[in-house]
Ligand SMILES: C[S@@+](CC[C@H](N)C(=O)[O-])C[C@H]1O[C@@H](n2cnc3c(N)ncnc32)[C@H](O)[C@@H]1O
């Protein structure tokens, strides 16, 4: 392990990062200080350490330990910059409708960054990206972006984020909010952080097909120790995919859906583990999600692509 505490940002003092954070407790500005510039603190005396280069606004990973395991095990599996493919970029375009021209030079929050597959796309498109995650996935995403001066990674809770109101030009949260204790309430925590004229795009699980089936399993599977369930996925997924045309595996895939996404076996193992291990697994209808946007006063509410429950809306100027 590297030294316990390092300064932030590691790559030098980058102007846009200087006044980024506000105290999650009292919303006063946070200033970097401490003996070796290794914490953020506000006038009210609240302080937050910077550990291994990452500002920490939570003391632990609370209910997302499966993601701490998942993203440190598969730290680059889904990153286009690592695989040389474009599946994350394609998915990002479909789920958000955003383009490189729209985000270039803009401040974008990736709420629930994971290992950073979508921050990777945004960084390449020239955005100033702030990736936040409650889990120790931040160790992986920090390593993935530590040499870029347009990405900042922090550990924090969407329920209590360290930013002032109207900070971001864009907010994206893809595949995240259904893993919180209350999908709608956590969505509502993001909206105030959006600037006037800004745009927010989310994707949450739809209440259909495999998502419904997995909802029945989650109360049992989330309790299995992560390592044990993961080892089982490593054994089961390649075998099931090998014999996927057989009658028994066809039947099994309806009772216990597993991944076969055509992006390689590592991706399928990761995705199957991801489908059954989280503590929370909310499922929602497109109308329900669009309703949250409208209730929050957002305008131009629409589904940017043909992906169910991907919704985007703007904050009026
Ligand atoms: C399925 S992963 C998706 C990660 C990334 N958006 C992607 O698509 O690769 C969900 C992520 O949401 C994070 N998460 C869940 N609840 C959160 C919360 N309250 N605050 C911040 N992150 C949270 C988890 O730790 C996990 O990394």
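What follows is calculated from the coordinates using simple rules that are stated; it is not laboratory data. Note that this is a predicted model, so its numbers are computed, not measured. Cβ coordinates were reconstructed from backbone atoms using ideal geometry, including for glycine residues, and neighbour counts include every protein chain displayed.
Okay, here's what the table says:
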item	result
Between region 86-157 and region 12-55, the alpha-carbon center distance in angstrom	21
Burial ordering of 153, 200, fewest other beta-carbon atoms within 10 Å first	200, 153
Sites residue 285 and residue 165, calculated FRET efficiency, Cβ-Cβ separation with R0 35 Å, nearest 0.05	0.75
Scattering profile of region 170-270 at q = 0.14, 0.16, 0.22 Å⁻¹ [log10 I(q)/I(0), Debye over alpha-carbon scatterers]	-0.72, -0.86, -1.23
Potential extension, residue 235-residue 82 segment - 0.36 nm per residue separation minus Cα distance	52.6 nm
Relative exposure of 61, 210, judged by other C-beta atoms within 10 Å (fewest first)	210, 61
Translational D in µm²/s for the chain (Stokes-Einstein at 25 °C, 0.890 mPa s, Kirkwood Rh from C-alpha pairs)	122
Fraction of the pair-distance distribution of region 223-276 above 14 Å, Cα-Cα pairs, percent	49
Förster radius 22 Å - calculated FRET efficiency between residue 228 and residue 251 (Cβ-Cβ, nearest 0.05)	0.30
Neighbour-count order for 160, 52, 196, fewest beta carbons within 10 angstrom listed first	196, 160, 52
At R0 = 51 Å, FRET efficiency that the Cβ-Cβ distance of residue 317 and residue 218 yields, to 0.05	0.80
Two-site label geometry, residue 302 and residue 31: point separation in nm, points 7 Å out along Cα→Cβ	4.6
Projected area, mean over directions - region 1-156, Cα convex hull, nm²	9.5
